[in-house]
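Notes to accompany the following structure.
The values are calculated or read from the model by the stated rules, or taken from the named source; none is laboratory data. What you see is a predicted model, and the numbers here were worked out from it, not measured in a lab. Glycine also receives a Cβ, built like all others from the backbone with ideal geometry; neighbour counts cover every protein chain displayed. These accessible areas exclude ligands, DNA and RNA; they are computed on the full protein's heavy atoms, side chains included. Shrake-Rupley method; radii C 1.70, N 1.55, O 1.52, S 1.80 Å.
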Amino acid sequence: MKEHDLPRLLIVDDTLTNIEILLGMLEDSYDTSFATSGRQALDLLAKTARPDLILLDVMMPEMDGYEVCRRLKDDPRNSTIPIIFVTAKDEAEEEAHGLGLGAVDYIAKPFHLPIVRARVRTHVNLKRKTDLLDSLASLDGLTHIPNRRRFDELLKQEWARAARDGTSLAVAM
């Protein structure tokens, strides 16, 4: 598998030791990058290709992981990126809160490397399959060009943009 074919992971943690452990365990199977703060992670996502999965610490200075997750889920460009919280907060209420914000999983520290690897693999596989299904649902099977469903989605998007910007919209068929 070529490096650019590897699934992309973003690790966000303010503790370099945790980043080093996760990178050491995952970098052979994934194209990994990292950020040491929530703000740095959001800035990185604005400039680079979207990752297939984010491993996100909860307790960070300035902006905690819950706020980072909230902002990612509120942004349509990032809302489908699966997030796994990896945190020392192991109370059931904290886990429920994180999952309620849209995270797909919650791993308590200290984490066990085989479990982290298995959960990452599972969620990356689910993300790839979901992306494939989304693509197949919007393409004609014979011609591989966007179908009526995709047209309706784009029309709705462009209609909202035109209304927001106060511009006109034309469709040629």
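Structural remarks
- Considered as a group, the residues in region 129-173 that are among the charged types (D, E, K, R) and open to solvent by 100 Å² or more (accessible area, probe 1.4 Å) include one that is nearest to the chain's Cα centre (by Cα), and that residue is 129.
- Within region 77-112, the set of residues being aromatic (Phe, Trp, Tyr) and open to solvent by 10 Å² or more (accessible area, probe 1.4 Å) comprises 106, 111.
- Helices (runs of 4 or more DSSP H) lying entirely in region 44-145 (those with 1 or more residues that are of a type in the set (Val, Ile, Thr)): 65-74, 113-137
- Of the residues making up region 119-138, those that are in contact with a helix residue (DSSP H, G or I) (Cβ under 9 Å, 6 or more places away or on another chain) and modelled with pLDDT of 85 or more are 120, 138.
- Considering residues of region 1-59 that are of a type in the set (Val, Ile, Thr) and closer than 15 Å to residue 81 by Cα only, the residue modelled with the lowest pLDDT: 48
- Selection from region 10-61 of residues that are in contact (Cβ under 8 Å) with a residue 12 or more places away in the chain, open to solvent by less than 60 Å² (accessible area, probe 1.4 Å) and either in contact with a Gly (Cβ under 6 Å, 6 or more places away or on another chain) or of a type in the set (Gly, Ala, Ser) (or both): 29, 33, 35, 37, 38, 41, 56, 57, 58, 60
- Hits in region 96-114 (condition: touching a Lys or Arg at 6+ places or on another chain (Cβ under 8 Å) and among the charged types (D, E, K, R)): 105
- Near pairs, Cβ below 7 angstrom, 6+ apart or cross-chain, from region 154-173 (on the phi < 0 side of the Ramachandran plot and of a type outside the set (D, E, K, R)) to any residue that is open to solvent by less than 80 Å² (accessible area, probe 1.4 Å) and assigned to a loop (DSSP other than H, G, I, E, B): 159/169; 162/169
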